[in-house]
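The values are calculated or read from the model by the stated rules, or taken from the named source; none is laboratory data. This is a predicted model, so every value here is computed, not measured. Ideal geometry is used to build each Cβ from the backbone, glycine not excepted, and the neighbour counts take in all protein chains shown. Surface accessibility is based on the protein's heavy atoms, side chains included, excluding ligands, DNA and RNA. Shrake-Rupley method; radii C 1.70, N 1.55, O 1.52, S 1.80 Å.
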Amino acid sequence: MTTIVPTSEEDPVLAVVRYVSEQAWADAGPEVAEPEVKRLCDEAEQCMAGARWFDLVSLMLTSADVILSKVSDKDLECIFTVICNVVTKSESPDEGQMAKLICGKVTQQPSDKPALRLKILFNLYNLLEDPYSRFSVYLSALNLAINGKVTEHVLPSFKQIECFLKEWNIGVSDQRQLFLTISNVLKEHKSLAKESFKFLTKYLATFSGEDAHVLSEAKEEAVHTIVEFVKTPDMFQCDLLDMPAVAQLEKDAKHALAYQLLKIFLTQRLDAYLEFQAANSTLLKSYGLVHEDCITKMRLISLVDLGSDESGRIPYSLIRDTLQINDDEVEPWVVKAITAKLMDCKMDQMNEVVIVTRSTQRVFGKEQWHTLKTKLASWRGNIANVISTVQANRSAEDGAQAAQGMVR
């Protein structure tokens with residue numbers, strides 16, 4: 001956070017007003033410039049005397065706007081640091097409105113010195129005390145980063161989002177706007193596709209419990225989230241099916257096919273996808289999906305689905321038929337699944353069987369919880385049996401040792 005250190009007797013605010021006014025009227029000549037500079041300085045003094053801080057900020061911003069392209073980055077940062085510090089006047093009830101005014105001016109031309117503009121906004125953020133005003137400035141900074149193409153500067157702040165949310169205590173509507181904006185920021189970086197998807201799902205999750213009218217607001221983003229899931233090659237799990245914002249698409253005339261596509265990728269196998277693609281190839285292209293990439297992902301998903309069978313044994317022939325591949329491609333596809341950490345298994349080449357010890361679940365709903373409960377109950381019973389056997393053996397050994405002692 002920038003600190004103002006006075007270097008002269010003149011108030012920093014008046015010094016900035018004077019400097020900016022002189023720069024703005026420099027080309028008009030002294031006869032015109034001097035009266036204008038005096039008028040602006042007098043007006044600034046009147047605002048300060050009457051504690052009219054909002055009017056003062058408005059005056060300073062109007063003057064600063066004229067010289068944005070005329071002064072150096074260092075001078076511009078100093079000018080806005082002084083302007084932002086006016087917001088901290090303890091007696092001012094207009095902190096939020098002043099912050100909004102400054103944000104509006106700073107974000108007007110995002111492509112011009114965007115990194116510097118971001119720095120100004122974050123300086124303002126650190127000066128504010130009101131939590132909601134901080135949230136508003138942060139959101140403005142994110143949008144500036146997107147429009148100015150400097151999103152890399154805001155990425156580190158996302159690690160603190162949970163802390164920010166507790167501090168800001170914002171409502172559901174603002175949370176939606178925040179999550180969607182963060183997702184858009186992350187979308188600018190291909191390596192962060194999963195993080196972008198995570199915030200998209202956070203956005204959709206905020207619609208749980210809403211009525212049909214409010215839910216309808218999420219339809220387009222729900223479709224977009226489905227497409228992102230299908231498109232991302234290393235994403236195999238999600239909880240979208242159970243989200244009301246997504247589930248509404250199932251009976252939607254326009255987007256029902258998007259829901260059907262998601263259901264295929266989360267609950268079915270390759271043959272279902274191929275049938276869907278044959279009937280809806282144009283739709284898939286409109287989503288920006290590449291057929292070959294979808295086949296690759298569905299083959300891995302289908303293989304993992306085979307591994308979820310309770311027997312834990314998958315014949316090579318079943319893999320070949322399910323993935324619709326040649327015999328000599330079976331083992332390479334198993335290796336791909338292992339490399340992607342989708343399953344742990346061993347290949348019995350002699351008997352042409354894959355022995356699975358772990359496989360990834362695409363969804364984890366009631367059925368999966370029931371299966372887990374059954375397994376845990378079985379393990380608990382087995383452990384109890386082992387303990388009983390050990391205790392019985394120990395008792396038998398103790399009895400035998402006691403009998404031997406009596407014989408001696």
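Given the condition outside any helix (DSSP H, G or I) and at pLDDT below 95, answer yes or no: does some residue in segment 153-164 qualify? No, that holds for no residue.
I'd like to know if segment 185-199 contains one or more residues that are without any contact (Cβ under 8 Å) to a residue 24 or more places away in the chain and either farther than 20 Å from ASN147 by Cβ or assigned to a loop (DSSP other than H, G, I, E, B) (or both). So far as segment 185-199 goes, yes, one or more of its residues are without any contact (Cβ under 8 Å) to a residue 24 or more places away in the chain and either farther than 20 Å from ASN147 by Cβ or assigned to a loop (DSSP other than H, G, I, E, B) (or both). Among the residues of segment 112-122, are any farther than 20 Å from GLU77 by Cβ, open to solvent by 20 Å² or more (accessible area, probe 1.4 Å) and in a helix (DSSP H, G or I)? Within segment 112-122, not a single residue is farther than 20 Å from GLU77 by Cβ, open to solvent by 20 Å² or more (accessible area, probe 1.4 Å) and in a helix (DSSP H, G or I).
Of the numbered criteria (1) part of a loop (DSSP other than H, G, I, E, B); (2) open to solvent by less than 40 Å² (accessible area, probe 1.4 Å), the one GLN109 fails is (2).
Among the residues of segment 60-75, those that are hydrophobic (A, V, I, L, M, F, W, C) and surrounded by fewer than 21 Cβ atoms within 10 Å (Cβ to Cβ) comprise LEU61, VAL66, ILE67, LEU68, VAL71.
Taken as a whole, segment 339-354 holds at least one residue that is assigned to a helix (DSSP H, G or I) and either within 27 Å of GLU228 (Cβ to Cβ) or under 30 Å from the mean Cα position of the chain (by Cα) (or both). Count of segment 131-148 residues, restricted to those that are open to solvent by 80 Å² or more (accessible area, probe 1.4 Å) and of a type in the set (Phe, Trp, Tyr), is 1.
Quick check: anything in segment 149-157 touching a Pro at 6+ places or on another chain (Cβ under 7 Å), of a type outside the set (Gly, Ala, Ser), free of Cβ contacts under 8 Å to residues at least 40 places away in the same chain and crowded, with 17+ Cβ neighbours inside 10 Å? The answer is yes, given that some residue of segment 149-157 is touching a Pro at 6+ places or on another chain (Cβ under 7 Å), of a type outside the set (Gly, Ala, Ser), free of Cβ contacts under 8 Å to residues at least 40 places away in the same chain and crowded, with 17+ Cβ neighbours inside 10 Å.
Residue check: VAL82 meets all listed conditions (1) open to solvent by 60 Å² or more (accessible area, probe 1.4 Å); (2) over 33 Å from the mean Cα position of the chain (by Cα) but one, namely (1). Pairing each residue of segment 159-177 that is touching a residue at least 24 places away in the same chain (Cβ under 8 Å) and within 15 Å of PHE199 (Cα to Cα) with any residue that is surrounded by 10 or more Cβ atoms within 10 Å (Cβ to Cβ) and among the β-branched types (Val, Ile, Thr), provided the two are 6+ apart or on different chains, yields C-beta distances under 7 Å for VAL172/THR206; GLN175/THR206; ARG176/THR206. The numbered conditions (1) farther than 30 Å from ILE325 by Cα; (2) hydroxyl-bearing (Ser, Thr, Tyr); (3) in contact (Cβ under 8 Å) with a residue 60 or more places away in the chain are all true for THR206 except (3).
Take segment 228-255 and flag every residue that is in a helix (DSSP H, G or I), of a type in the set (Asp, Glu) and touching a Phe, Trp or Tyr at 6+ places or on another chain (Cβ under 9 Å).
Hits for segment 228-255 are GLU228, GLU250.
With respect to being at pLDDT 90 or above and within 18 Å of PRO12 (Cα to Cα), VAL57 fits the description.
Matching residues to (1) assigned to a helix (DSSP H, G or I); (2) of a type outside the set (Ser, Thr, Tyr):
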residue: TYR19; (1), (2): yes, no
residue: SER63; (1), (2): yes, no
residue: LYS70; (1), (2): no, yes
residue: CYS78; (1), (2): yes, yes
residue: VAL82; (1), (2): yes, yes
residue: LYS89; (1), (2): no, yes
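I need the full set of residues from segment 200-222 which are under 18 Å from TYR259 (Cα atoms) and either open to solvent by less than 30 Å² (accessible area, probe 1.4 Å) or in a loop (DSSP other than H, G, I, E, B) (or both), in order please. LEU200, THR201, TYR203, LEU204, PHE207, SER208, LEU215, ALA218, ALA222, listed by residue number. In segment 229-257, the qualifying residues are those that are of a type in the set (Asp, Glu) and open to solvent by 40 Å² or more (accessible area, probe 1.4 Å), and the one that is farthest from SER302 (Cα to Cα) is GLU250. I'm checking my understanding of the structure. Among residues of segment 206-244 that are over 19 Å from ASN184 (Cα atoms) and of a type in the set (Gly, Ala, Ser), which one is farthest from the chain's Cα centre (by Cα)? Among those that are over 19 Å from ASN184 (Cα atoms) and of a type in the set (Gly, Ala, Ser), it is ALA212. Residues that are part of a helix (DSSP H, G or I), open to solvent by 10 Å² or more (accessible area, probe 1.4 Å) and more than 30 Å from ARG320 (Cβ to Cβ) within segment 258-302 comprise TYR259, THR282, SER286, listed in sequence order.
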